[in-house]
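Novice: Once you've had a glance at the structure underneath, I'll fire off some questions.
FYI, it's all coordinate maths here, none of it is from the lab. Predicted model, so just to flag it, every value in this text is computed and none were measured. With ideal geometry, Cβ positions are generated from the backbone for all residues, glycine too; neighbour counts draw on all protein chains shown.
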Amino acid sequence: MANGLRRVSACAFVVAMIGIAGCGSTSTTAAQSNLGRQSPSTAPSQLRGVIALGHSGLTGFKSVPQSSGDARQNSWATGTATEVDSVYQRLVALSPETAGHVANAARDGATADTLSDQARVALSQVPMPQLVVIQTIDNDIRCDGTDSAHVGVFGASVAKALDVITKASPKSAILLVSQPGRPATVAATVAKVPEAKAAFTGTGMCDFFDPAGMTNAQHIATVTALVMAYEAEQNRVCALVPQCSGDHGVFAGYVDDVNDLAQGDWNHLTAHGHARLAAAIWPTVARLLTLG
């Protein structure tokens, strides 16, 4: 979960758990001024390009060593760094006319209720994208005993964003990805490095390890159930929209490599980690867009 579900203790599960969504926050104005678009685009006569909405799992946050900020060039969805070979870069390789038609409106620390505004910003840059990527959940998980009451609110926010997108660009394909990794695999990975393990240690209901350093199987099961509840709601809402598709568990099957976690943060991915996500999701994107 290099992008999320992992941050149970570091950010209280992102506040307690899924931080890649970002333990930081960015104002709307700042987000709009840092979309990560590569060049201006005019309203296309056909679907073209890709936009990304969500949290810091999409912004390349801390993916550059010793950097504490975003590195959108490393985003698995819209990045331009050669080593990442993002979804956007792969689309450009197949259709060169896609170049420049890209917008990343994701914001560090964003929750699902910001997706609609992000969509409006991104669509103002790329009005008719071929693909809309949404990576959310992380920061919506509260891990404080109130999640059962919040899941429906989360779903309503996602539904609102889908409505904004489909009304503006009815034929765009929308891909809602699952949470990268599962708590059990994250725990197994970070347990190998004391500093990383410490980021997931505590007494909270979603901490993977107790203060004595022992794995807390009950907490891991709790976190897993929470992630699955949000994913189920996300998939339910997506299924109501013909243009929307989930990733069928592709990201859920991602297994972290400790070397792909930003050191000192142990939550966000390095450029190589983003490259792994891009490679993992590409077959799904190709099928969704019926690419050759």
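Novice: Please compute the modelled spin-label separation between Lys160 and Ala198, points set 7 Å along Cα→Cβ, answer in nm with one decimal.
Specialist: Label-label distance for Ala198 and Lys160, simple model: 4.0 nm.
Novice: Moving to a separate point now. Can you tell me how the stretch 211-292 classifies by the Cα gyration tensor, rounded, prolate or oblate, using a/c under 1.5 as the rounded cut?
Specialist: It is oblate, given that a/c is not under 1.5 and a/b is not larger than b/c.
Novice: Taking the alpha-carbon distance from Lys197 and a cut-off under 30 Å, which lysines remain once sequence neighbours fewer than 8 residues away in the same chain are dropped?
Specialist: Correct list for Lys197: Lys62.
Novice: What is the fewest-to-most order of Thr78, Thr98 by other Cβ atoms lying within 10 Å of their Cβ?
Specialist: Thr98, Thr78
Novice: Once amide H atoms are placed 1.01 Å from N in the peptide plane, what residues at a sequence separation of 5 or more from Phe61, or on another chain, have their amide H within under 5 Å of its amide H?
Specialist: Amide H neighbours of Phe61, under 5 Å, 5+ apart: Ala71.
Novice: Ok, one more. Can you compute the modelled spin-label distance between Leu291 and Ala225, with each label point 7 Å from Cα toward Cβ, in nm?
Specialist: Those two pseudo-labels are separated by 4.0 nm.
Novice: Sticking with this one: Pull out a ≥ b ≥ c, the square roots of the eigenvalues of the alpha-carbon gyration tensor of the stretch 12-288, then state rounded if a/c is under 1.5, prolate if not and a/b is larger than b/c, and oblate in the remaining case.
Specialist: It is prolate, given that a/c is not under 1.5 and a/b is the larger ratio.
Novice: Same structure again: Order by neighbour count: Ile134, Ile141, fewest other Cβ atoms within 10 Å first, most last.
Specialist: So the ranking, lowest neighbour count to highest, is Ile134, Ile141.
Novice: Right, next: Taking amide hydrogens as modeled 1.01 Å from N in the peptide plane, which residues meet the under 5 Å criterion relative to Tyr254, leaving out close sequence neighbours?
Specialist: Excluding prolines and chain starts, which carry no amide H, the hits are Gly181.
Novice: Here's another thing I want to ask about it. Would you mind counting up the charge near Thr201? Only other residues with Cβ under 9 Å from its Cβ, with Lys and Arg at +1 and Asp and Glu at -1.
Specialist: -1
Novice: Can I ask one more? Which lysines, if any, have their Cα less than 21 Å from the Cα of Lys160, not counting same-chain residues under 8 positions apart?
Specialist: Candidates past the 8-residue exclusion: Lys171.
Novice: What distance in nm separates the two pseudo spin-label positions at Ser148 and Val258, each 7 Å out from Cα along the beta-carbon direction?
Specialist: Distance between the two pseudo-spin positions: 3.7 nm.
Novice: Can I ask one more? Roughly speaking, what is the stretch gain from His272 to Gln66, that is 0.36 nm per residue apart minus the C-alpha to C-alpha distance, in nm to one decimal?
Specialist: Here the answer is 72.6 nm.
Novice: What is the order of Trp266, Trp282, Trp76, fewest Cβ neighbours within 10 Å to most?
Specialist: Ranked by crowding around the Cβ, least crowded first: Trp282, Trp266, Trp76.
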